[in-house]
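I have placed the structure first, in the form of structure tokens, so that the comments after it can refer back to it.
The values are calculated or read from the model by the stated rules, or taken from the named source; none is laboratory data. The structure presented is a predicted model; accordingly, all values stated were derived computationally and were not measured. Please note: Cβ atoms are built from the backbone with ideal geometry, for glycine as well, and neighbour counts cover all protein chains shown.
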Amino acid sequence: MTSPASITWPEADGPRTARWRSEAAVPPPKRVIVADDRTTADSAYRLACEGTALLWNGDFQNARQLLQAVTRRLERKPRKQGATPLEAFNLHRQTQSQRARTLGMILIPLDAAYVIPLRRAPDVQQACIETYGPPTNEASVVSLRELLGLIGAHEWRKKGVEIPALGDRIHPYYGVFSPVRGEYVDLVARTALPSLNKAFDIGTGTGVLSALLAKRGVKKIVATDQDPRALACARENIARLGYEQQVEVVQADLFPEGRAPLVVCNPPWLPARPASPIEYAVYDPESRMLLGFLNGLTAHLSPGGEGWLILSDFAEHLGLRSRDWLLAAIDEAGLTVIGREDIRPRHPKSTDETDPLHAARVAEATSLWRLKARA
């Protein structure tokens, strides 16, 4: 087992070391200084851009204000414009990566019980336990940006996300893709079911599609995922909604054992390399999950059964994948398309003309591809 990463910084009585926490798998900064309420935004911005991290030792709310001030300075920088959608996408990812790296340079200490030892600090113990697990009796350091993400995720987990098609809420965990974009849920809600006997939900995440299939009357659903956090999240949501008798959540690489008359999969939509483990919900490097689903589908469909592939064409508009490539992959997997349901995006970015990827977003559609094994 790999030892946790550590971070070291100078103090008046000698260097200190603590555990480094990063859910994004960011390595600990090599250069760290102690900062406090006297540190100016201009100084913090310059140091962060140079790769020097600032371990905060002042008022917590002032640290939040400092992060906001550094964010504003980053946003003033002119954006490079891509000549093509693909170039715009690559530049956007590069900008986002640089932005995350810079904003991640403001650090916050946590004591062994996940208490922030700073003035006016919020209670983050439960948020930390939900993400990091029980306290390990060691002090640690985390970026303020990640910590605020933990706090936000904790609130989402408590409040839940309203799913109109479900008539209820889904409570996402930190690091599990939240169904805030409901288009794919609506597609599953309105497409005619080929059978009510059994279904597989591949890569279940929060369990939202399994819950929806259960609500629609499917008698037995097997939901799979590889990520332990997603599995725990799905199980909790299924139990809260009262579908435990219909839905079984199992750990599997794509398919469970056996066959079903309906197999549903909503893989990550963009065939690009994720920058962190959390991004695997959005990025599918080399289309591995998509191809794994297509190539394994025939062996897991009951005779005459349907596979439902739910996929945005956003990647096509960015130039990351073509429609011809997708149709060829379906054909090479021994599958045939028997129908398709489309839906337009409703999320705010689809109407934001300042978004560098606006041209691709405004053209985007999400489709439910109904697939059958070729006779």
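Being out of contact with any Gly (no Cβ under 8 Å at 6 or more places or on another chain), among the hydroxyl-bearing types (Ser, Thr, Tyr) and touching a residue at least 60 places away in the same chain (Cβ under 8 Å) is the requirement here; does residue 132 meet it?
Answer is yes for this residue.
Checking residue 257 against (1) assigned to a loop (DSSP other than H, G, I, E, B); (2) closer than 28 Å to residue 23 by Cβ, only one condition comes out false. Which one?
With (1) assigned to a loop (DSSP other than H, G, I, E, B); (2) closer than 28 Å to residue 23 by Cβ applied to residue 257, the lone miss is (2).
Yes/no per residue for (1) closer than 16 Å to residue 367 by Cα; (2) among the hydroxyl-bearing types (Ser, Thr, Tyr); (3) surrounded by fewer than 16 Cβ atoms within 10 Å (Cβ to Cβ):
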| residue | (1), (2), (3) |
| --- | --- |
| 265 | yes, no, no |
| 273 | no, no, yes |
| 278 | no, no, no |
| 288 | no, no, yes |
| 291 | no, no, no |
| 303 | no, no, yes |
| 312 | yes, yes, no |
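Go over the candidates 53, 44, 69 one by one and state the one that is in the same structural domain as residue 150 (by TED's automatic domain parsing) and either in contact with a Phe, Trp or Tyr (Cβ under 7 Å, 6 or more places away or on another chain) or not in a helix (DSSP H, G or I) (or both).
Working: 44 fails: either in contact with a Phe, Trp or Tyr (Cβ under 7 Å, 6 or more places away or on another chain) or not in a helix (DSSP H, G or I) (or both); 69 fails: either in contact with a Phe, Trp or Tyr (Cβ under 7 Å, 6 or more places away or on another chain) or not in a helix (DSSP H, G or I) (or both).
So the residue among 53, 44, 69 that is in the same structural domain as residue 150 (by TED's automatic domain parsing) and either in contact with a Phe, Trp or Tyr (Cβ under 7 Å, 6 or more places away or on another chain) or not in a helix (DSSP H, G or I) (or both) is 53.
Between 240, 145, which is of a type in the set (Lys, Arg), modelled with pLDDT of 95 or more and closer than 30 Å to residue 36 by Cβ? Reasoning before the result, please.
Working: 240 fails: closer than 30 Å to residue 36 by Cβ.
After ruling out the rest, the residue left standing is 145.
Going through 217, 205, 242 one at a time, which residue ends up being on the phi > 0 side of the Ramachandran plot and in contact with an Asp or Glu (Cβ under 7 Å, 6 or more places away or on another chain)?
Working: 217 fails: in contact with an Asp or Glu (Cβ under 7 Å, 6 or more places away or on another chain); 242 fails: in contact with an Asp or Glu (Cβ under 7 Å, 6 or more places away or on another chain).
Exactly one residue qualifies, and that residue is 205.
Please verify whether region 92-102 includes one or more residues that are farther than 29 Å from residue 321 by Cβ, in a helix (DSSP H, G or I), modelled with pLDDT under 95 and among the hydrophobic types (A, V, I, L, M, F, W, C).
no
Can you name every residue in region 8-36 that is in a strand (DSSP E or B), crowded, with 17+ Cβ neighbours inside 10 Å and not hydrophobic (A, V, I, L, M, F, W, C)?
19, 21
For region 339-353, check the following and say yes or no: at least one residue is over 18 Å from residue 92 (Cα atoms), surrounded by 20 or more Cβ atoms within 10 Å (Cβ to Cβ) and either assigned by TED's automatic domain parsing to the domain that holds residue 191 or of a type in the set (Val, Ile, Thr) (or both). Steps first, please.
To start, the set of residues in region 339-353 that are over 18 Å from residue 92 (Cα atoms) comprises 339-347.
Remaining after also requiring surrounded by 20 or more Cβ atoms within 10 Å (Cβ to Cβ): none.
No, region 339-353 contains no residue that is over 18 Å from residue 92 (Cα atoms), surrounded by 20 or more Cβ atoms within 10 Å (Cβ to Cβ) and either assigned by TED's automatic domain parsing to the domain that holds residue 191 or of a type in the set (Val, Ile, Thr) (or both).
If I filter region 1-54 down to residues being farther than 20 Å from residue 275 by Cα and acidic (Asp, Glu), which single residue comes out as nearest to the chain's Cα centre (by Cα)?
Per the stated criteria, the residue is 50.
Could you list, in sequence order, the residues of region 243-263 that are surrounded by 15 or more Cβ atoms within 10 Å (Cβ to Cβ), over 10 Å from residue 224 (Cβ atoms) and free of Cβ contacts under 8 Å to residues at least 60 places away in the same chain?
243, 246, 247, 259 - these are the residues of region 243-263 that are surrounded by 15 or more Cβ atoms within 10 Å (Cβ to Cβ), over 10 Å from residue 224 (Cβ atoms) and free of Cβ contacts under 8 Å to residues at least 60 places away in the same chain.
Given the structure, is residue 154 closer than 25 Å to residue 103 by Cβ and modelled with pLDDT of 95 or more?
Here the answer is yes, as residue 154 does meet what is asked.
How many residues does region 189-234 hold that are touching a Pro at 6+ places or on another chain (Cβ under 7 Å) and assigned to a loop (DSSP other than H, G, I, E, B)? Give the derivation first.
At the first step, the residues of region 189-234 found to be touching a Pro at 6+ places or on another chain (Cβ under 7 Å) are 194-195, 197-198, 200, 203, 206, 208, 222, 224, 233.
Narrowing the set further to residues that are assigned to a loop (DSSP other than H, G, I, E, B) leaves 194-195, 197, 203, 206.
So the count comes out to 5.
On the given criteria, is residue 96 out of contact with any Pro (no Cβ under 8 Å at 6 or more places or on another chain) and over 25 Å from residue 158 (Cβ atoms)?
yes
Would you confirm, using the coordinates I've provided, whether residue 51 is touching a strand residue (DSSP E or B) at 6+ places or on another chain (Cβ under 8 Å) and on the phi > 0 side of the Ramachandran plot? Lay out the reasoning, then the answer.
Numbers: touching a strand residue (DSSP E or B) at 6+ places or on another chain (Cβ under 8 Å): yes; on the phi > 0 side of the Ramachandran plot: yes.
Spelling it out, residue 51 is indeed touching a strand residue (DSSP E or B) at 6+ places or on another chain (Cβ under 8 Å) and on the phi > 0 side of the Ramachandran plot.
How about region 248-287: which of its residues are at pLDDT below 95 and basic (Lys, Arg)?
273 - this is the single residue of region 248-287 that is at pLDDT below 95 and basic (Lys, Arg).
Search region 163-182 for residues being surrounded by fewer than 20 Cβ atoms within 10 Å (Cβ to Cβ) and not in a loop (DSSP other than H, G, I, E, B), and hand back the single one that is farthest from the chain's Cα centre (by Cα).
Taking the candidates together, the pick is 168.
Within region 294-351, take every residue that is part of a strand (DSSP E or B) and small (Gly, Ala, Ser) and give me the one that is nearest to residue 281 (Cα to Cα).
312
Within region 188-204, is there a residue that is surrounded by 20 or more Cβ atoms within 10 Å (Cβ to Cβ), in contact (Cβ under 8 Å) with a residue 40 or more places away in the chain, over 19 Å from residue 305 (Cβ atoms) and assigned by TED's automatic domain parsing to the domain that holds residue 235?
no
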